[in-house]
Amino acid sequence: MRPPGAASGGAIIISDARVATMVQTFMRTWQRPPTFAELDGLINDHIRMEVYVREAMALGLDRDDMIVRRRLRQKMEFVSDAEASRKTPSEGDLQVYLSRHADQYRTDTQVSFRHVFLNPEQRRDALQSDARLLLERLNEPEAGVNALEVGDKLVMLKPEWQSVRKSELVALFGGEFTEVLLQQQLGTWAGPISSAYGMHLVKLDEMKPGDVPSLDQVRSKVERDWIAAQKRKQQEVFYQRLLGKYTVTRPELSEP
């Protein structure tokens with residue numbers, strides 16, 4: 001009588017190399033070698049896995065399982081990645097990559113500035129006129145206005161900032177505020193500029209534009225990015241070679 005299951009059977013061979021791999025995996029996890037009983041259990045579990053996998057594939061259970069399909073695709077991509085990983089970039093390769101992708105490594109612009117907050121909810125219709133009058137006073141040295149003592153209270157944000165990065169400014173004040181601030185003339189009160197909190201009069205004291213670091217400063221990151229780019233390139237070449245074996249029929253889409 002034929003045994004149950006869809007697969008025709010066959011040999012399942014657990015080699016010494018496979019057992020050695022099981023031992024190494026166990027030791028990485030538990031920081032000790034497995035006992036005799038644990039190793040015997042690992043081998044039996046591997047046999048169980050092999051039986052179930054063969055039976056499942058014989059039944060075609062792998063064909064419409066998206067998780068299995070994604071994993072198989074991933075393993076094929078690993079095949080192409082292995083070739084790219086063996087490549088070692090030269091100094092010239094890294095320098096060219098840094099030059100072509102300079103914006104990825106450019107340091108953030110840093111600014112020092114002061115601001116006076118004007119609360120729209122408190123000032124309402126007088127907001128623009130108040131801003132205009134206060135701006136005139138702030139730009140008159142003889143007026144002796146202390147910027148830290150005028151304006152409305154804003155607990156969340158201090159009135160004076162030193163060497164703050166552009167990315168931090170965007171997170172704190174918003175992108176629109178940041179872009180307008182960076183366009184202001186140094187040493188002069190300007191505004192009002194809007195943010196998520198309200199309106200601000202601002203004085204840009206210092207701005208240090210970001211620049212591209214030397215290769216020595218970012219070598220490890222550039223090398224990682226170069227290898228990742230080589231993997232993506234190799235994956236595409238590998239895929240196109242495989243795709244060339246197939247005749248693909250697909251619908252032609254038209255843009256709405």
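The numbers here are math on the coordinates, done by the rules we state, and not lab data. Here the structure is a predicted model, which is why all the values come from computation and not from measurement. Please note: Cβ atoms are built from the backbone with ideal geometry, for glycine as well, and neighbour counts cover all protein chains shown.
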- List, in order, the whole-Hz ³J(HN,Hα) value for each residue of the range 152-162 obtained from phi through the Karplus relation with A = 6.51, B = -1.76, C = 1.60 and θ = phi - 60°; use x for Gly and Pro. 9, 6, 9, 5, 6, 10, 5, x, 10, 10, 10
- Task: Among (i) 105, 57, 47; (ii) 57, 48, 35; (iii) 58, 43, 36, find the value of Cα extents along the principal axes in Å that was calculated from the structure presented, and write down its label.
- Result: (i)
- Task: Take the Cα of Asp152, step 7 Å along the line toward its Cβ, and report every residue of the range 168-187 whose backbone nitrogen sits under 18 Å from that point.
- Result: 173-174, 177
- Of His46, His115, His101, the most mobile residue in a GNM of the chain (C-alpha springs, cutoff 10 Å) is His46
- Task: Name the longest site-free stretch of the chain, where the excluded sites are trypsin sites (Lys or Arg not before Pro) in a DSSP loop with no more than 10 other beta-carbon atoms within 10 Å.
- Result: 154-244
- Here the gain from full extension of Glu176 to Arg69, 0.36 nm per residue of separation minus their alpha-carbon distance, amounts to 34.1 nm
- Taking a label point 7 Å from the Cα of Glu136 along the Cα→Cβ vector, which residues of the range 175-196 have an amide N closer than 17 Å to it? 189-192
- Item | J(HN,Hα) series, the range 174-184, from Karplus relation 6.51 cos²θ - 1.76 cosθ + 1.60, nearest Hz, glycine and proline x | x, x, 5, 4, 4, 5, 5, 4, 5, 8, 7
- Determine ³J(HN,Hα), in whole Hz, for all residues of the range 59-71 in sequence, where each value follows from phi through the Karplus function 6.51 cos²θ - 1.76 cosθ + 1.60 and θ = phi - 60°; x replaces Gly and Pro. 7, x, 5, 7, 6, 10, 9, 5, 5, 5, 4, 5, 5
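If you take every DSSP beta bridge fully contained in the chain, what fraction is antiparallel? Give it as a percent rounded to 5.
On the way: 17 of 18 bridges.
Antiparallel bridges make up about 95 percent of those DSSP assigns within the chain.
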- Query: How much FRET efficiency would the formula 1/(1 + (r/R0)^6) give for Ser167 and Asp40, where r is the Cβ-Cβ distance and R0 is 45 Å, rounded to 0.05?
  - Reply: 0.20
- Query: Tell me, what is the FRET efficiency for Tyr52 and Gln31 to the nearest 0.05, using R0 = 25 angstrom and their Cβ-Cβ distance as r?
  - Reply: 0.25
- Kindly list the residues of the range 208-235 that lie in the label zone of Met76, defined by a backbone N under 15 Å from the point 7 Å along the Cα-to-C-beta vector. 235
- Query: With contacts defined as alpha carbon pairs under 8 Å and 6 or more residues apart, what's the relative contact order of the chain in percent?
  - Reply: 23
